[in-house]
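Have a look at the structure below, then the notes.
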Amino acid sequence: DAGVIQSPRHEVTEMGQEVTLRCKPISGHNSLFWYRQTMMRGLELLIYFNNNVPIDDSGMPEDRFSAKMPNASFSTLKIQPSEPRDSAVYFCASSQAAGYTFGSGTRLTVV
Amino acid sequence: GQQLNQSPQSMFIQEGEDVSMNCTSSSIFNTWLWYKQDPGEGPVLLIALYKAGELTSNGRLTAQFGITRKDSFLNISASIPSDVGIYFCAGRLTSGTYKYIFGTGTRLKVLA
C-alpha cells in the first residue's frame, strides 16, 4: 500500500498566482480530508469528503479556497488567488474507519 | 477553528525517562486518537481509544480515555532518541462522522 500520496511536496509561488494541490487517497478509503498546519494555528480541518461528496467545508478560510473530489482516487485543493498568509503545510488524509492516514504534506510558500 | 488543549507544550527529557502528556477539553468526545509527527512528514496514528476508561498500549506507549470523556493521556516509557517529535491528540465529538479536532501538540525532545 503506497499510502496517501500528495503532490507536489513543495510549492513556491508568487502572490496572486493560482495553486493546485493534489491528493490520491488510499484505495478503499471512503473519506478524505484536507488539513492546513501552521505554527500559530496548528492543524486545522479545511474540508472533508465522504464518498466523494463534500460533507463539511466550514473550515475553508474564504472563497479563494476550493476543493474537489471528482472520483474516489483523486482530490484537489485550489487557492486562487494565493496570498502570503496562505503559506503553510497542507495535508491530505483518508480514512475508512476511526483514525486517519495522512500524506506527507505539501509545503506551500507564497512570496 | 476549535482545538483541544494539550500539555505540556514541550518537553526535554533524558533518554530512558518516562513521559506523560495529556489532552483536555470542555466537550465530551466519543473517540480519542494519538498521533506522532516527525519533521517533514504527516502525523502517524499511534493509538485509538473508543470507550471511557479504556487503557490501550502499543509497545512502550500507553494511552487512556478519561472517565469523564473530556480528556485523554499518553505515556511513553523508557524513552529513546527516536521518540523525538510532536505528539497530537485528536478527538471526535459526534458518532457517524470522521471529523476530528486536533490538539495543539506536545513537542518532545530526548537527550541522549
- [ ] Report, in whole Å, the centroid distance computed from the Cα atoms of the stretch B:1-48 and the stretch B:59-112.
- [x] 3
Open item on the list: I'd like the carbon and sulfur percentage of the solvent accessible area for the protein assembly as shown, probe radius 1.4 Å, heavy atoms only, ligands and nucleic acids excluded.
Closed with: 50
- [ ] Distance from a point 7 Å along Cα→Cβ of B:Asp38 to each backbone N in the stretch B:71-106: keep the residues under 13 Å and list them by number.
- [x] B:81-86
Task: Net charge of neighbours whose Cβ lies under 11 Å from the Cβ of A:Asn50, counting Lys and Arg as +1 and Asp and Glu as -1 - done: 0
- [ ] Give the Rg (one decimal place) followed by the Dmax (whole number) of the stretch A:19-91, computed from C-alpha coordinates and expressed in Å.
- [x] 11.9, 36
Open item on the list: What figure, in Å² to the nearest 10, do you get for the accessible area of B:Thr68 with a 1.4 Å probe and non-protein molecules left out?
Closed with: 80
Task: lysines with Cα under 26 Å of B:Lys36, excluding same-chain neighbours fewer than 8 positions away - done: A:Lys24, B:Lys51, B:Lys70, B:Lys99, B:Lys109
TODO: Take every residue in peptide B:43-51, count the Cβ atoms of other chains within 10 Å of its Cβ, and give the average of those counts.
DONE: 3
- [ ] Find the Rg to Rh ratio for chain B, where Rh is the Kirkwood radius over alpha-carbon pairs and Rg uses the same atoms.
- [x] 0.96
TODO: Binning at 10 Å from 0, report for the protein assembly as shown what percent of all alpha-carbon pair distances ends up in each bin.
DONE: 8, 33, 35, 19, 5, 0
TODO: Enter the accessible area of B:Val110 (Å², nearest 10), with the probe set to 1.4 Å and all protein chains included.
DONE: 20
- [ ] Please arrange A:Ile26, B:Ile80 by accessible surface area, largest first, computed with a 1.4 Å probe and ligands excluded.
- [x] B:Ile80, A:Ile26
Task: Cβ crowding within 10 Å averaged over residues, with B:98-104, A:105-111 ranked highest first - done: B:98-104, A:105-111
Task: Heavy-atom accessible area ranking, 1.4 Å probe, most first, across B:Arg69, A:Arg36 - done: B:Arg69, A:Arg36
- [ ] Starting from the Cα of A:Ala97, step 7 Å along the direction of its Cβ; do the same at A:Asn52; then give the gap between the two resulting points in nm.
- [x] 2.5
Open item on the list: Residue by residue through A:28-37, how many Cβ atoms from other chains fall within 10 Å of the Cβ on average?
Closed with: 2
Task: Mean accessible surface per residue for chain B, computed with a 1.4 Å probe while every protein chain stays in place, in Å² - done: 47
Open item on the list: List, by residue number, every residue in the stretch A:89-111 with a reduction of 50 Å² or greater in accessible area between the chain on its own and the complete protein assembly, 1.4 Å probe.
Closed with: A:Ala98, A:Tyr100, A:Phe102
Task: In the B-A interface, the accessible area buried, summed over both sides, Å² (probe 1.4 Å) - done: 1600
Task: Positive minus negative residues near B:Ile13 (Lys, Arg vs Asp, Glu; Cβ under 11 Å) - done: -3
- [ ] From largest accessible area down, sort A:His10, A:His29; use a 1.4 Å probe on the protein chains.
- [x] A:His10, A:His29
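The values are calculated or read from the model by the stated rules, or taken from the named source; none is laboratory data. Small disclaimer: the values here were computed from a predicted structure and weren't measured. In this analysis, Cβ positions are derived from the backbone assuming ideal geometry, glycine residues included, and neighbour counts consider all displayed protein chains. Note: areas computed on protein heavy atoms with side chains; ligands, DNA, RNA excluded. Shrake-Rupley method; radii C 1.70, N 1.55, O 1.52, S 1.80 Å.
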